[in-house]
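I have placed the structure first, in the form of structure tokens, so that the comments after it can refer back to it.
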Amino acid sequence: MDDSVEKKVVIDQGMRTEREETIKNHEEDSRIVKPSSSLIVLIPSILVAIVILVRNVTILDYAHVLLGGTWTGIDLFMGLILSRVMSKMPVGARIEFIKRLVPMMLFLMPTIASLAITCGIYLATYEGVFRLSYPVIIAAGIIVIVLVVQGFAIFLPNELRIFLELRKTSPDSKKISRLAMINFKLSGIQAAFQFAIIFVMANIATGNLFLRF
């Protein structure tokens with residue numbers, strides 16, 4: 001009799017523990033933005049600030065190329081690969097994927113874009129080529145403005161709208177899917193502009209500043 005009672009207690013405790021773990025996992029899964037998301041902003045920003053203060057052109061150049069290449073690579077992957085994959089996925093699977101992607105994109109892309117541009121400006125300043133009399137600098141500035149407008153006027157607001165929609169009790173799946181697909185297609189357009197700015201940067205790196213006014 002005692003053995004059966006003990007077994008029942010053990011089974012009840014096991015079921016209770018399993019239920020608690022399930023609830024905990026559900027809460028973790030439903031939390032869109034986690035505390036660790038802030039590290040995506042803080043760590044790269046602190047490292048870039050240190051690099052700028054040190055004024056080491058080689059390290060700054062490395063940081064600029066690394067950030068710019070990451071920015072371009074992500075946009076290219078999202079625009080050419082993910083946009084096609086997402087268009088073939090069922091709505092439910094698409095929403096689950098977006099739910100996990102949004103926190104990363106919401107913090108990562110603005111951080112990478114801002115830091116890549118900041119490193120580029122400081123690098124050009126330290127090397128003495130940041131002059132508006134150079135057409136290549138003007139071209140770089142125009143492309144950067146286009147990228148910034150696309151990123152902070154379209155891409156980021158859409159990410160925020162998706163984020164706010166996901167926080168609702170009954171999120172609008174069609175709205176989330178539509179906004180996400182706009183951002184994926186925009187990423188492809190941004191990648192094209194980034195290829196153009198890479199060409200401009202290559203000319204700056206080789207000292208070909210085009211005609212000087």
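The values are calculated or read from the model by the stated rules, or taken from the named source; none is laboratory data. This one's a predicted model, so the numbers in the text were calculated from it and none came from an experiment. When we count neighbours, we look across all protein chains shown, and the Cβ atoms used for this are built from the backbone with ideal geometry, even at glycine.
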Lone qualifier among LEU108, LEU66 - being in the same structural domain as ILE162 (by TED's automatic domain parsing) and without any contact (Cβ under 8 Å) to a residue 24 or more places away in the chain: LEU66
In the range 53-79, the residues that are aliphatic (A, V, I, L, M), over 16 Å from the mean Cα position of the chain (by Cα) and surrounded by fewer than 19 Cβ atoms within 10 Å (Cβ to Cβ): LEU53, VAL54, VAL57, ILE59, VAL65
Condition check for ILE142: among the aliphatic types (A, V, I, L, M), surrounded by fewer than 19 Cβ atoms within 10 Å (Cβ to Cβ) and within 27 Å of ARG84 (Cα to Cα): no
Among the residues listed as LEU166, LEU156, LEU186, the single one being crowded, with 18+ Cβ neighbours inside 10 Å and under 17 Å from the mean Cα position of the chain (by Cα): LEU186
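Taking MET201, is it modelled with pLDDT of 85 or more and in contact with a helix residue (DSSP H, G or I) (Cβ under 9 Å, 6 or more places away or on another chain)?
Considered against the rule, which asks whether it is modelled with pLDDT of 85 or more and in contact with a helix residue (DSSP H, G or I) (Cβ under 9 Å, 6 or more places away or on another chain), MET201 comes out as no.
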